[in-house]
Amino acid sequence: MAEKVAIFDTTLRDGEQSPGISLDVNEKLEIAEQLARLGVDCIEAGFPVASIGDFEAVQAIARNIHGPVIVGLSRTHLADVDRCWQALADADRARIHVFISTSPSHLEHMLKMTFEQVIEETKAAVSRAKEYTQDVEFSPQDATRTPVDFLLEVLQKAVDSGATTLNIPDTVGYGMPWEFGELIATVRREVSGNYQISTHCHDDLGLAVANSLSGVKAGARQVEVCVNGLGERAGNASLEEVVMALKTRVDEFGDLYTDVATEELARTSRLVSRLTGYPIQYNKAVVGRNAFLHESGIHQHGVLADRATYEIIDAPSVGREGRQIVLGKHSGRHAFSDTLSKMGYSISGDLLNSAFTRFKELADRKVEITEADLEAIVAEELGASIDPGYNLDYLEVTGGTDKAPTARVIVSRDGVKQEATASGDGMIDAACQAIREATGVDATLTGFNVSSVTGGIDALGDVVIQLSSGDQKVSGRGLSTDVVEASARAYLNAVNRIVRLRSRQEEPRQPVTGP
Ligand code: KIV
Ligand code: ZN
């Protein structure tokens, strides 16, 4: 009989713990909406006790996203469980995910607890969660470095206290696929009760996907994953890779299936990359730019004769058809909005106007406009409309081999214009200095990455910038066919985040690792 493997997405929780990622509520909602469209079963929306921002994001997702189960993470402190439920209470379907470390190393150096105390904490926290919802998940953190006897004992207590999902985290990415599969089989055999087994694998040795699949082979029916393999350190198992492995190798996995609409994978990946500021590795499986490119003549010849000679995945099945949009500089607003709605965006009013203006500007500079170009423009305008901040009204940069670069900018916020002129080491530096003068926001540039949305000399340049200001670290993104302008937009986008964070005066996040 066909059996489903549930996809538990933790991009907004474990993924957001990746260094330098800081998503605000609106960005998290946008990602959650796309995850629902993608068809994941569970969205781990955050760790409500970590900060007010986390709490509000989990609450907003619980209230607005329908379809997937909305999950909140909680330590075993009873107050954490209560807080987690407060955030989740309005969800159509909610799950509390309780975790505690179980390995000797974590017990000795972090929790300062005995095995007995861990068992007591587990029982109390799972029972408390069960008072709120029937759907309770339990994770013994660092399970793969935990003595198996103790692991089985904690897991059994968790089930006896009401846990319905037992998640087995390879927290430090230490497991080998065959060992991890064996561990899942052992849990399945030794722990009695009515529960499903889940995997949660980190990628420190590049084995997160392999370990997850091995877990599925051994009986796990939920896999915890992140879009683009985001997550602590080297990341978590990548959602798109796990899903496509299960789909492509039906011969290996038999009647197992997921409910993921795989044609949405590419778009989900791009959205997450854009909002987190984490670029996608060129040769990343499934969603990387090169995943469907064939360089050598022999390969090209083979693929032209029959795609299956060198491709095991059909590009359109993961949303990678690179469709050319038949829109040009003479296209009207109606055709533009019609195309967007076919792509799944229903925008109107001021947002449609500003996106249309950007489209026209682009059409003047770029011959071929792809779906990815339009998507990038809409995402940028959407971000600006949700949180207007400073707008880049004017940018002029001069310079050359024998002339010091100078930039003049005009930015506006709430109708007030600020103008500044500055020079810099290069044109991009001059533009950023001028924005710094105009906005009065002092920040240090800690990262800069430029890539192009599509190929070609007239491609849209996509710039991601990381800024740090005091203890705030933010990223910003900007698009333009001109790389200096894209950089200025990215810089201003990051400045707007700093301004927003300051106005919210967010409390610092608590560490996720404690009991
Ligand atoms: O990696 C891990 O152990 C975790 C747990 C909180 C599930 O992320
Ligand atoms: Zn993790």
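A few remarks follow.
- Within the range 33-50, residues that are on the phi < 0 side of the Ramachandran plot sit with their Cβ atoms under 9 Å from residues that are basic (K, R) and assigned to a helix (DSSP H, G or I), at 6+ positions apart or across chains, in these pairs: Q34/R267; R37/R267; L38/R267; A45/K28; P48/R83; V49/R83.
- Within the range 15-28, tally of residues that are away from ligand 2 (no atom under 16 Å from the Cβ) and either touching a Phe, Trp or Tyr at 6+ places or on another chain (Cβ under 8 Å) or over 18 Å from A87 (Cα atoms) (or both): 2
- Only residues that are closer than 23 Å to D54 by Cα and assigned to a helix (DSSP H, G or I) were counted across the range 87-109, and they come to 2.
- One residue from H66, H97 being of a type outside the set (G, A, S) and surrounded by fewer than 20 Cβ atoms within 10 Å (Cβ to Cβ): H66
- Within the range 67-79, considering residues that are away from ligand 1 (no atom under 11 Å from the Cβ) and touching a helix residue (DSSP H, G or I) at 6+ places or on another chain (Cβ under 8 Å), the one farthest from D54 (Cα to Cα): G67
- Within the range 192-219, if we keep just the residues that are in contact (Cβ under 8 Å) with a residue 60 or more places away in the chain and within 18 Å of L256 (Cβ to Cβ), the residue that is nearest to ligand 1 (Cβ to nearest atom) turns out to be S198.
- Checklist (1) crowded, with 19+ Cβ neighbours inside 10 Å; (2) of a type in the set (V, I, T); (3) farther than 22 Å from E33 by Cβ applied to V318, failing item: (3)
- Condition met for R93 (at pLDDT 95 or above, more than 16 Å from ligand 2 (Cβ to nearest atom), in contact with a strand residue (DSSP E or B) (Cβ under 6 Å, 6 or more places away or on another chain) and under 30 Å from V250 (Cβ atoms)): yes
- Residue within the range 120-136 that is within 14 Å of ligand 1 (Cβ to nearest atom), among the polar types (S, T, N, Q) and either under 17 Å from D82 (Cβ atoms) or not in a loop (DSSP other than H, G, I, E, B) (or both) present: yes
- Residue match in the range 104-122 (condition: buried (at least 18 other Cβ atoms within 10 Å of the Cβ), at pLDDT 95 or above and either closer than 26 Å to A36 by Cα or within 25 Å of the chain's Cα centre (by Cα) (or both)): no
- Only one of A443, A438, A430, A422 that is surrounded by 17 or more Cβ atoms within 10 Å (Cβ to Cβ) and either among the aromatic types (F, W, Y) or closer than 16 Å to D393 by Cα (or both): A438
- Candidates V209, V191: the one that is more than 21 Å from the chain's Cα centre (by Cα), of a type outside the set (G, A, S) and either surrounded by fewer than 19 Cβ atoms within 10 Å (Cβ to Cβ) or assigned by TED's automatic domain parsing to the domain that holds G254 (or both) is V191.
- Selected residue (only one of I43, I31 is crowded, with 20+ Cβ neighbours inside 10 Å and within 16 Å of ligand 2 (Cβ to nearest atom)): I43
The values are calculated or read from the model by the stated rules, or taken from the named source; none is laboratory data. It should be emphasised that the depicted structure is a prediction, and the values quoted were computed from it without experimental measurement. FYI the Cβ positions are ideal-geometry reconstructions off the backbone, even for glycines, and counts take in every protein chain you see.
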